[in-house]
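Below is one structure, written out as structure tokens, with a few remarks after it.
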Amino acid sequence: MRKSGVLQAHIELQVQFYDVDMMEVVWHGHYVKYFEQARCALLDKLQHNYLQMRESGYAWPVIDLQVRYVRGATFGQRIRVCADLVEWENRLKINYLIVDAETGERMTRGSSVQVAVDIATREMQFGSPQVFIDAVERALS
């Protein structure tokens with residue numbers, strides 16, 4: 001079982017024609033896009049999205065991405081993408097789960113890890129900037 005996050009965000013979407021292959025199954029690379037959409041919803045919930053990250057002087061590149069495919073999503077299917085914040089003090093780790101919106105059946109799971117990089121010096125930080133930690137703590141209180 002994956003670790004539950006301290007803060008979650010969920011999005012729901014319908015699989016579009018442009019995301020499927022000739023078998024009407026979502027092409028594997030599009031799941032990363034769905035993860036990103038849920039991650040953006042989570043960062044908005046923290047009130048520290050990518051624009052605010054940049055304004056604080058830090059970029060947050062993805063350094064690790066894991067995806068486990070259980071069952072392919074199909075054209076027209078409604079899916080729910082959940083993002084769970086599981087680590088934030090030294091790096092940003094988010095777990096993801098994609099389920100069928102109607103049945104709740106698990107379809108795909110994954111995780112991403114991002115680290116803070118000082119935009120001015122391009123140096124990777126070995127801990128999350130205090131401005132980000134403060135945003136998480138505000139959201140949790």
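The values are calculated or read from the model by the stated rules, or taken from the named source; none is laboratory data. What you are looking at is a predicted structure, and each value in this text was computed from that prediction instead of being measured. Here the Cβ is made from the backbone with ideal geometry for all residues, glycine too, and neighbour counts use every protein chain on show.
Out of 63, 98, report the one residue that is in a strand (DSSP E or B), more than 26 Å from residue 24 (Cβ to Cβ) and among the β-branched types (Val, Ile, Thr).
Numbers: 98 fails: more than 26 Å from residue 24 (Cβ to Cβ).
From the options 63, 98, the qualifying one is 63.
Tell me which residues, restricted to the stretch 72-85, are surrounded by 13 or more Cβ atoms within 10 Å (Cβ to Cβ) and outside any strand (DSSP E or B).
Of everything in the stretch 72-85, those that are surrounded by 13 or more Cβ atoms within 10 Å (Cβ to Cβ) and outside any strand (DSSP E or B) turn out to be 72, 73, 75, 77.
Count, please, the residues in the stretch 1-47 that happen to be at pLDDT 95 or above, crowded, with 16+ Cβ neighbours inside 10 Å and part of a loop (DSSP other than H, G, I, E, B).
Final tally of qualifying residues: 1.
For the stretch 117-131, give me each residue that is touching a residue at least 60 places away in the same chain (Cβ under 8 Å) and surrounded by 13 or more Cβ atoms within 10 Å (Cβ to Cβ).
Scanning the stretch 117-131 gives 118, 119, 125, 129, 131.
Only one residue in 54, 39, 71, 78 is within 15 Å of the chain's Cα centre (by Cα) and of a type in the set (Lys, Arg). Which one? Before you say what the answer is, go through the steps one by one.
Values: 54 fails: within 15 Å of the chain's Cα centre (by Cα); 71 fails: within 15 Å of the chain's Cα centre (by Cα); 78 fails: within 15 Å of the chain's Cα centre (by Cα).
Checking each option against the conditions leaves just 39.
Take the residues in the stretch 48-70 that are surrounded by 15 or more Cβ atoms within 10 Å (Cβ to Cβ) and not hydrophobic (A, V, I, L, M, F, W, C); name whichever of them is farthest from residue 107 (Cα to Cα).
The selected residue is 56.
Any residue at all in the stretch 42-61 that's more than 23 Å from residue 134 (Cα to Cα) and of a type outside the set (Val, Ile, Thr)?
The answer is no; no qualifying residue exists.
Looking only at the stretch 20-51, filter to residues that are in contact (Cβ under 8 Å) with a residue 60 or more places away in the chain and of a type outside the set (A, V, I, L, M); which one of those is nearest to residue 96 (Cα to Cα)?
Selected residue: 35.
Is there a residue being over 16 Å from residue 136 (Cβ atoms) and touching an Asp or Glu at 6+ places or on another chain (Cβ under 6 Å) anywhere in the stretch 57-76? Before the answer, list the steps.
At the first step, the residues of the stretch 57-76 found to be over 16 Å from residue 136 (Cβ atoms) are 57, 59, 61-76.
Imposing the further condition that a residue be touching an Asp or Glu at 6+ places or on another chain (Cβ under 6 Å) reduces the set to 74-75.
Yes: one or more hits.
So, in the stretch 48-60, exactly how many residues are among the aromatic types (Phe, Trp, Tyr) and either closer than 23 Å to residue 22 by Cα or not in a strand (DSSP E or B) (or both)? Working first, answer last.
Step one: of the stretch 48-60, the residues among the aromatic types (Phe, Trp, Tyr) are 50, 58, 60.
Add one more test, that the residue is either closer than 23 Å to residue 22 by Cα or not in a strand (DSSP E or B) (or both), and what stays is 50, 60.
Selection size over the stretch 48-60: 2.
Return the pair list, or none, for Cβ contacts closer than 7 Å from residues in the stretch 88-114 that are free of Cβ contacts under 8 Å to residues at least 40 places away in the same chain and farther than 16 Å from residue 34 by Cα to residues that are of a type in the set (Gly, Ala, Ser) and not in a strand (DSSP E or B), at least 6 apart or on different chains.
Once the first residue is free of Cβ contacts under 8 Å to residues at least 40 places away in the same chain and farther than 16 Å from residue 34 by Cα and sits in the stretch 88-114, its partners that are of a type in the set (Gly, Ala, Ser) and not in a strand (DSSP E or B) give 90/127; 90/128; 91/128.
Assess whether residue 105 counts as being surrounded by fewer than 16 Cβ atoms within 10 Å (Cβ to Cβ) and under 19 Å from the mean Cα position of the chain (by Cα).
no
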